[in-house]
Amino acid sequence: TALTLIIVCANVANLLLARAVARQRETAIRQALGASRPRIVRTLIAEGMAISAAAWVIASMVAYWVATYAPRLIVPPGSVNGLGMRPNHMNMNLSPDMGVLAYAMMLAFIGTLFFCVAPAVRMWRQELLPGLKSGEHGVARGRSRVANALVVVQLAFSVVLLTSAGLAYRSLSLVESLDVGFEKDNLLLVTMNPTLNITSREGNLAFLDRGHERLQRLTGVQAVTYVRLPPPYGLMRLPVTSPNLQQPVLANVNYVGPDYLQALGLSTILGRE
């Protein structure tokens with residue numbers, strides 16, 4: 001984000017610098033009529049502030065629009081997560097608050113100071129008489145060192161930004177192809193919540209056992225199991241007590257059924273399955 005902001009500011013600074021070159025005669029006439037150089041610079045900064053204010057308003061509108069529709073893309077309506085719960089995308093509030101808007105306004109103010117420096121320096125150094133000569137305003141001078149430096153900044157940071165994006169994409173591709181530690185091919189995960197119809201713990205366990213036995217009879221099925229938190233959702237951290245412990249300790253805990261390791265293609269190293 002910082003690289004993008006610097007690139008955009010350098011681009012706007014170059015545009016304002018070219019605009020300042022085209023307004024040399026106008027600036028010279030203002031100085032001839034009594035306007036001081038600090039006042040002309042303040043006028044230039046005020047124009048930059050107007051541009052930044054307009055950009056801030058448009059960015060805020062886009063942010064609110066994205067915050068309204070982004071949750072529907074992240075969590076489509078009617079989807080079910082791995083825990084058997086149906087997430088409500090309406091509960092995801094991504095709308096920017098006053099802190100975010102104030103931060104964006106601060107960035108707009110800093111950006112204004114950044115891209116107004118080069119045009120202000122050029123106007124400050126501008127000589128009065130050449131700008132008042134007949135036809136002087138129609139002659140375009142060569143690019144200044146500041147303009148060339150801004151172009152170099154844009155190109156350099158653009159290369160860095162593209163390189164970083166390429167490395168990030170490559171890292172994501174490598175993560176997707178990594179060995180996750182268990183067999184994930186030909187693995188079917190079915191999410192269900194029997195507690196909606198079965199209230200007792202005994203009835204819930206009996207339901208799981210019946211489903212386990214019926215699924216094992218299907219042709220082509222090698223292993224069937226059930227689990228509270230399936231991979232890669234992790235484990236629960238629960239306090240565990242033991243006579244050998246002076247106080248409870250937090251341990252990673254999960255509830256699994258028979259043949260859990262076999263269904264994931266894992267083997268037992270220590271302990272019992």
Exercise. Scan segment 184-222 residue by residue and report those that are more than 28 Å from GLY265 (Cβ to Cβ), part of a loop (DSSP other than H, G, I, E, B) and either open to solvent by 100 Å² or more (accessible area, probe 1.4 Å) or touching a residue at least 12 places away in the same chain (Cβ under 8 Å) (or both).
Key: ASN197, THR199
Quiz item: Where residues in segment 225-256 are among the aromatic types (Phe, Trp, Tyr) and open to solvent by 100 Å² or more (accessible area, probe 1.4 Å), which of them is farthest from LEU189 (Cα to Cα)?
Solution: TYR255
Quiz item: If we keep just the residues of segment 47-72 that are open to solvent by 60 Å² or more (accessible area, probe 1.4 Å) and at pLDDT below 85, which is farthest from CYS9 (Cα to Cα)?
Solution: ARG72
Quiz prompt | Residue in segment 14-65 that is nearest to ALA147 (Cα to Cα), counting only those that are over 42 Å from the mean Cα position of the chain (by Cα) and aliphatic (A, V, I, L, M) | solution = ALA28
Exercise. With respect to GLN216, determine if the residue is more than 19 Å from GLY181 (Cα to Cα), of a type in the set (S, T, N, Q) and out of contact with any helix residue (DSSP H, G or I) (no Cβ under 7 Å at 6 or more places or on another chain).
Key: yes
Quiz item: Conditions: (1) at pLDDT 85 or above; (2) outside any helix (DSSP H, G or I). VAL180 meets all but one. Number of the miss?
Solution: (1)
Quiz item: What single numbered condition from (1) modelled with pLDDT under 80; (2) in contact with a helix residue (DSSP H, G or I) (Cβ under 7 Å, 6 or more places away or on another chain); (3) farther than 30 Å from LEU17 by Cβ fails to hold for ASN91?
Solution: (2)
Quiz prompt | Filtered residues of segment 99-151 (kept if hydrophobic (A, V, I, L, M, F, W, C) and modelled with pLDDT under 65) | solution = LEU128, LEU129, LEU132, VAL139, ALA140
Quiz item: Within segment 191-218, which residues are under 16 Å from ALA263 (Cα atoms) and modelled with pLDDT under 85?
Solution: THR191
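The values are calculated or read from the model by the stated rules, or taken from the named source; none is laboratory data. Because the structure is a prediction, the values reported are computed rather than measured. Neighbour counts run over all protein chains shown; Cβ positions are idealised from the backbone, glycine included. SASA here: full protein model, heavy atoms, side chains in, ligands and nucleic acids out. Shrake-Rupley method; radii C 1.70, N 1.55, O 1.52, S 1.80 Å.
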